[in-house]
Protein chains: 2
Amino acid sequence: MGLDLGGTKCLGVVVDGAGHVVEEVRLPTPEGGPAVIDVLARAAAELLATDAGRQGAGRVGVGVPGLVDIDGVLRFAPNLPGVVDLPVAAGLSERLGGVEVKALNDATCACWGERAHGAAQGCHHVLLVTLGTGIGAGIVTDGRLLLGARGFAGEVGHMVVDPHGPLCPCGKRGCWERYASGSGLGRLAREAAEAGRSHRLVELAGGDPRDVRGEHVTQAAAEGEPGAQAVLEDFAWWLALGLANLANVFDPDRIVVGGGLITSGEGFLVPTRRAFQSLVEGMEHRPEIPIVSAQLGERAGAVGAAVFAATA
Amino acid sequence: MGLDLGGTKCLGVVVDGAGHVVEEVRLPTPEGGPAVIDVLARAAAELLATDAGRQGAGRVGVGVPGLVDIDGVLRFAPNLPGVVDLPVAAGLSERLGGVEVKALNDATCACWGERAHGAAQGCHHVLLVTLGTGIGAGIVTDGRLLLGARGFAGEVGHMVVDPHGPLCPCGKRGCWERYASGSGLGRLAREAAEAGRSHRLVELAGGDPRDVRGEHVTQAAAEGEPGAQAVLEDFAWWLALGLANLANVFDPDRIVVGGGLITSGEGFLVPTRRAFQSLVEGMEHRPEIPIVSAQLGERAGAVGAAVFAATA
């Protein structure tokens, strides 16, 4: 059984040995630590009440957004108001009568899920990035999940790629997720709209350039509008820049791109791959590193959490 | 037995079980692939002719500068003119009558050496950077060396940290090693000298700002000259920026700084640690990550190569 705690909803699944989701539950994410444990416990209880859930009982995995330590304590979760130092694993285990609970970062779970049953099957060195409000990452090296000394590894979104760039809520300037996330795409699009470089974007936003969002870019670019296409090229270049930085460091055999942004269209992966080729060190001396879309969609985190709990 | 092939010299050592160097040989590095294999074979032969070398025979490790693949082929070595696709492990093994040879990136070897017998003993998640002409890195995650899918992991020097920055010989702009390596320090210092921000630097360079080098900064800053101290602060900030990027990604329990630059004075580590604190994601929610100097000096790579060969 795997649970994925998001900023807006908690998704729970029971997965069979082949990775198929046989039961599923969705509950809205509430505010505050105790309420979060409550909703996780309710989701788990609903799944445990099913036939499949009863068979699989014994191990629960949870993916959570933020810095979660190796004891399953969520230390820092910028997208969950009121949640800090929340003992997710211990708290949920207690609520479930002592069932073993493993809590990991959500993107780490997604990477483990895509490797087990999705876009990175058979790969031993995987970099997965999830493009949403920010950028999360899960990393597999030599067939094992990279967790780091305290479990905080994979915070790639706050890799600074331009110290003169826009201010990030974290306090630094030019973090990668200011450019290459869903909100980064929105920001690049609003800049273009406000500078008059794409009338179609303004039109799609209902007339106000400040209302332009990422999905307007995808739509206008698909229609062939040059201004929107230029925004998407720019976005793809920034995405490729960070992926190349990470590929130089990890030397993965596959890069998987997931998250909300990819579900609305993967057209931007074409210019991303092109820019990536020119940004990786010594590209002419190494085999190509494929950049592919995630396959498990919004269930990747919950599936990965389930697989991790079952096998760790 | 370990060999470390550098841009100017080849250093060979025989190491005992406690990590002490009991025999040592140095030979100048020649140009061209066949000559490089020759000099490695000569260094190994000299060591094998010693009592300690005879006892330790059977496994040889080699650290080489550049992208070396998991079969021990040096694919790309920007600092070794005329060397490309050189089968270091197989070539040296053949010259030594079939002795088993392991070839790894030199900074990877240094990391393994510092972890076994130097500044990172007992650490399971180590990031080591060597600051020289460029920036090399060796990374240990969960007690194991990070090599990557082809052995090319750890190319941190070409992580882009400012796309509007100075051009790098690799063709990109604003690679980290344009700022935080030995040559990066020299570049920052010449900028300051040419802009008239440090007369002492110009003086130490013999009157021409274009002749200012990194060691002049260290000396002038130690004398208390404000202009040179500002250069060193700037350098430390860039070093901290890249280290924080990597710490966000790896969550190490220790960072080790080595290479030629640290041997001429580690004063810059104080402002580096200060800047690092402000750049790591969620620093207030995690334990401090110590940034320490390497302990094995120029022998780190050769010692690490020997330890790796003996235990891998």
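The values are calculated or read from the model by the stated rules, or taken from the named source; none is laboratory data. For clarity, every value in this text was computed on a predicted model and none was experimentally measured. Counting neighbours? That spans all protein chains shown, and the Cβs are built from the backbone with ideal geometry, glycine included.
Below, the figures for the structure above:
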item	result
Subset of the range B:131-157 (residues that are aliphatic (A, V, I, L, M), out of contact with any helix residue (DSSP H, G or I) (no Cβ under 7 Å at 6 or more places or on another chain) and surrounded by 24 or more Cβ atoms within 10 Å (Cβ to Cβ))	B:L146
Filtered residues of the range B:249-277 (kept if facing another protein chain (nearest Cβ under 8 Å) and part of a helix (DSSP H, G or I))	B:V249, B:F250
Number of positions in the range B:14-57 that are over 13 Å from B:A302 (Cβ atoms) and assigned to a loop (DSSP other than H, G, I, E, B)	10
Test: residue in the range A:68-85 that is within 22 Å of A:A44 (Cα to Cα), out of contact with any helix residue (DSSP H, G or I) (no Cβ under 8 Å at 6 or more places or on another chain), within 9 Å of another protein chain (Cβ to nearest Cβ) and not in a strand (DSSP E or B)	yes
Odd one out for A:V212 among (1) farther than 23 Å from B:N248 by Cα; (2) touching a Phe, Trp or Tyr at 6+ places or on another chain (Cβ under 8 Å)	(2)
Residues located in the range B:1-34, provided they are under 19 Å from B:A77 (Cα atoms), modelled with pLDDT under 95 and not β-branched (V, I, T)	B:G6, B:G7, B:K9, B:P30, B:E31, B:G32, B:G33, B:P34
For B:L127: the one exception among (1) over 17 Å from B:V303 (Cα atoms); (2) among the aliphatic types (A, V, I, L, M); (3) surrounded by fewer than 24 Cβ atoms within 10 Å (Cβ to Cβ); (4) in contact (Cβ under 8 Å) with a residue 24 or more places away in the chain	(3)
Close pairs (6 angstrom Cβ cut-off, 6 or more residues apart or separate chains): among the hydroxyl-bearing types (S, T, Y) in the range B:1-24, crowded, with 17+ Cβ neighbours inside 10 Å anywhere	B:T8/B:T29
Contacts under 9 angstrom Cβ, first residue in the range B:151-171 being at the interface with chain A (Cβ under 7 Å from one of its Cβ atoms) and assigned to a strand (DSSP E or B), partner of a type in the set (A, V, I, L, M, F, W, C) and buried (at least 21 other Cβ atoms within 10 Å of the Cβ), 6 or more apart	B:V160/A:V161; B:V160/A:L241; B:V160/A:A244; B:V160/A:L279; B:V160/B:C175; B:V160/B:W176
Hits in the range A:172-187 - residues which are surrounded by fewer than 24 Cβ atoms within 10 Å (Cβ to Cβ) and either facing chain B (nearest Cβ under 7 Å) or farther than 20 Å from B:V156 by Cα (or both)	A:K172, A:R173, A:G182, A:S183, A:G186, A:R187
Residue match in the range B:134-146 (condition: in a helix (DSSP H, G or I), small (G, A, S) and touching a residue at least 12 places away in the same chain (Cβ under 8 Å))	no
Residue within the range B:102-125 that is more than 18 Å from B:L80 (Cα to Cα), within 7 Å of another protein chain (Cβ to nearest Cβ) and within 11 Å of the chain's Cα centre (by Cα) present	no
Which listed residue, of B:A240, B:A220, is closer than 18 Å to B:L188 by Cβ and either within 14 Å of chain A (Cβ to nearest Cβ) or surrounded by fewer than 18 Cβ atoms within 10 Å (Cβ to Cβ) (or both)	B:A240
Residue in the range B:28-35 that is under 16 Å from B:K9 (Cα atoms), among the charged types (D, E, K, R) and in contact with a Gly (Cβ under 9 Å, 6 or more places away or on another chain) present	yes
Index of the failed condition, B:R95 passing every other in (1) more than 14 Å from every other protein chain (Cβ to nearest Cβ); (2) within 30 Å of B:I255 (Cβ to Cβ)	(2)
Of residues in the range B:278-289 being not in a loop (DSSP other than H, G, I, E, B) and not hydrophobic (A, V, I, L, M, F, W, C), the one nearest to the other protein chains (Cβ to nearest Cβ)	B:H285
Failed condition for A:G157, given (1) in contact with an Asp or Glu (Cβ under 6 Å, 6 or more places away or on another chain); (2) at pLDDT below 95; (3) not hydrophobic (A, V, I, L, M, F, W, C)	(2)
Members of the range B:182-197 found to be at pLDDT 95 or above and under 30 Å from B:V73 (Cα atoms), listed by number	B:G184
